[in-house]
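Undergrad: Before I ask anything, let me first share the structure, which is written out below as C-alpha cells.
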Amino acid sequence: MTWISTIERAEASGRTKEVYERIVKERGHLANIFQAQGMDPEILDHHLELYADLMMGPGPLSRDERETIAVIVSAANRCAYGATHHSEALETVEKDSAAISKLLKEYMRKSETPRSKALLAYAAKLTLDPKSITKDDIKDLNEAGLKDEEILRANLITSYFNFSNRIALGLGVQLEDGKTRTYRY
C-alpha cells in the first residue's frame with residue numbers, strides 16, 4: 001500500500017482506531033492516503049478536518065470548482081492517486097508524460113466561462129511554477145469576476161492538493177481497487 005509501514009484498520013487501536021472509524025463512518029471506506037498517515041493520528045485528524053473544511057464546508061467556491069482545482073493540481077503533479085480520486089477519467093496522467101499538457105488544454109478549452117478559465121490557469125500556474133505568480137495573476141482573477149475571498153479559497157485548495165499529492169507521491173501510496181475507491185463525498 002505504501003513504502004513505509006502502515007497500521008491496518010483491523011490492527012488499529014487507541015486514537016488511530018478512533019480516527020479510522022470516524023473516516024469509515026463518514027466516508028464509507030478508509031482511503032490509503034489516510035491509512036498511510038495512521039502512525040500519526042493527531043496529524044491525520046487535522047488533515048481530515050482541513051480537507052472537509054476546504055472541500056465540503058461552506059465557502060465561496062462551488063463544489064464543482066473545488067473538485068476541478070483538485071483534478072488540475074493532481075494532474076499537474078502527475079499524481080494519479082489524487083487525480084483518480086477526483087476524476088476517474090484521469091488515470092492516463094500517470095501513464096502518459098504528455099497527458100498533463102493535453103489535460104490542461106482540454107480543461108481550458110472546456111471551461112465555458114472566463115471565471116473557470118482563470119481559476120484553472122491560476123491553480124496550474126501556482127502548482128507548476130509558484131514563484132512566477134504575480135499581482136497580475138490576481139488581477140486576471142479579479143477581471144474574471146472572482147472576489148478576494150474566492151481567490152483565497154482557490155489558493156488554499158491548490159495548496160492543500162499540492163500537500164496531499166506529495167504525501168501520496170512521497171510515500172508511494174497505491175490507488176485502491178474498484179469498490180474500495182467509492183467514497184461518500
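Undergrad: Looking at Tyr81, Tyr51, Tyr122, can you tell me which residue is modelled with pLDDT of 65 or more, assigned to a helix (DSSP H, G or I), hydroxyl-bearing (Ser, Thr, Tyr) and touching an Asp or Glu at 6+ places or on another chain (Cβ under 7 Å)?
TA: Going through Tyr81, Tyr51, Tyr122 in turn, just one is modelled with pLDDT of 65 or more, assigned to a helix (DSSP H, G or I), hydroxyl-bearing (Ser, Thr, Tyr) and touching an Asp or Glu at 6+ places or on another chain (Cβ under 7 Å): Tyr122.
Undergrad: Follow-up. Among the residues of region 21-41, which ones are among the acidic types (Asp, Glu) and within 17 Å of Val173 (Cα to Cα)?
TA: Within region 21-41, just Asp40 meets the criteria.
Undergrad: Six or more apart or on different chains, Cβ under 6 Å: which pairs go from a residue in region 154-171 that's in contact (Cβ under 8 Å) with a residue 24 or more places away in the chain to one that's among the charged types (D, E, K, R) and assigned to a helix (DSSP H, G or I)? Could you list them?
TA: That search, which allows pairs on different chains as well, returns Ile157/Arg66.
Undergrad: Which numbered condition trips up Thr68, out of (1) under 24 Å from Ile4 (Cα atoms); (2) within 11 Å of the chain's Cα centre (by Cα); (3) at pLDDT below 90?
TA: (1)
Undergrad: Can you find even one residue in region 172-179 that is among the acidic types (Asp, Glu), at pLDDT 95 or above and surrounded by fewer than 16 Cβ atoms within 10 Å (Cβ to Cβ)?
TA: The answer is no; no qualifying residue exists.
Undergrad: Would you pick out the residues in region 2-36 that are part of a loop (DSSP other than H, G, I, E, B) and surrounded by 16 or more Cβ atoms within 10 Å (Cβ to Cβ)?
TA: Answer for region 2-36, where residues must be part of a loop (DSSP other than H, G, I, E, B) and surrounded by 16 or more Cβ atoms within 10 Å (Cβ to Cβ): Thr2, Thr6, Ile7, Ala12, His29, Leu30, Ala31, Ala36.
Undergrad: Tell me, which residue of region 54-77 that is in contact (Cβ under 8 Å) with a residue 60 or more places away in the chain and not in a helix (DSSP H, G or I) is surrounded by the fewest Cβ atoms within 10 Å (Cβ to Cβ)?
TA: Met56
The values are calculated or read from the model by the stated rules, or taken from the named source; none is laboratory data. This one's a predicted model, so the numbers in the text were calculated from it and none came from an experiment. We place every Cβ from the backbone using ideal geometry, glycine too, and count neighbours over all the protein chains shown.
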